[in-house]
């Protein structure tokens, strides 16, 4: 049974892998109760990690107990509404985390979460929860605009900033909401309010990526989220999850592998490359990439035309540029690429650049093989690499 010190260590290290192990081994009853107790006191980073951990472990537990997360949300609302149930300190943050991590089972509580905005002691937490939900399941926030709108003019910077962030997230390009309009449509504002928020230099701290990060309200109001989506595809006879992500510039991430592990790798990469960017789970901005991938995997497409947003060292960018020059259905060795980039003895460095390529398939690192013809490593696994090469060889012939 995990001890209090074990749970404390998990929060200090943000070790969600261990949380997953406890959930799978059904050693979670004591753990989630410790998180609930820890959330009563709002005292900095550890509090926020406990909030996140509660949502994370609930998602893991509901894989075995489908009613767990729902019952936990209900318990929090009961604690808020029933006099004999005691006071659920910081319940709105906890509920927001549970809805964010378990939107399929708990998403119908979105109206009840937004209903907490009328209580001054709960509104900040509810706004934080709605901002997290907007990133993970924006369709659940979409009908709540009228309840969030008044906070754009709140006298409290934290509430004003969170409302500004929610508006920025909900105005992603594929929504088509115009920015300026007095009475609608949703997520639009008058010109004068837009100008005030654009020049609002007030600073607030928001919990993101496991840390408390400072943002100005101006930054939040003009935030451009990085959108991502995961979808099941077929590569010949192999089922594979593909995760794609885009900025306003173009496709910046494409990974193949189990959705949970791939998403975590993507989040870790994003925290380094875009430390203040918000992630938003949204298919719309990634539709073109998904469609072109589906055409490629079914042999109907050989060249990709989607714009790319590549981030790397000068050497990595040179290697990736050479990868894009490898014709469909052909392969090159690591030494071939090393020669092309002017570093004949740099096969190992080329291999590392290949490994760090964040846009697999489209930037075809799978077309680079060992000099002897061996497939060597591949981020998505050698089996996927083999399927991709077989697919291309079949279509070319």
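The values are calculated or read from the model by the stated rules, or taken from the named source; none is laboratory data. The structure displayed is predicted, hence computed values, not measured ones. All Cβ positions, even for glycine, are placed from backbone atoms using ideal geometry, and neighbour counts span all protein chains on display.
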Conditions (1) touching a helix residue (DSSP H, G or I) at 6+ places or on another chain (Cβ under 9 Å); (2) loosely packed, with under 13 Cβ neighbours inside 10 Å; number of the one not met by residue 195: (1)
Check on residue 330, more than 22 Å from residue 251 (Cα to Cα) and either assigned to a loop (DSSP other than H, G, I, E, B) or without any contact (Cβ under 8 Å) to a residue 12 or more places away in the chain (or both): yes
All positions within segment 1-31 that are surrounded by 20 or more Cβ atoms within 10 Å (Cβ to Cβ) and part of a helix (DSSP H, G or I): 7, 10, 11, 19, 22, 23, 31
Residue match in segment 211-219 (condition: modelled with pLDDT under 90, crowded, with 20+ Cβ neighbours inside 10 Å and either touching a strand residue (DSSP E or B) at 6+ places or on another chain (Cβ under 9 Å) or farther than 30 Å from residue 155 by Cβ (or both)): no
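Here is a yes/no grid of residues against (1) over 30 Å from residue 133 (Cβ atoms); (2) over 21 Å from the mean Cα position of the chain (by Cα); (3) not assigned by TED's automatic domain parsing to the domain that holds residue 102:
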{"residue": "262", "(1), (2), (3)": "no, no, yes"}
{"residue": "265", "(1), (2), (3)": "no, no, yes"}
{"residue": "275", "(1), (2), (3)": "no, no, yes"}
{"residue": "278", "(1), (2), (3)": "no, no, yes"}
{"residue": "286", "(1), (2), (3)": "no, no, yes"}
{"residue": "298", "(1), (2), (3)": "yes, yes, yes"}
{"residue": "312", "(1), (2), (3)": "yes, no, yes"}
Residue 315, sole failed condition from (1) assigned to a helix (DSSP H, G or I); (2) surrounded by 18 or more Cβ atoms within 10 Å (Cβ to Cβ): (2)
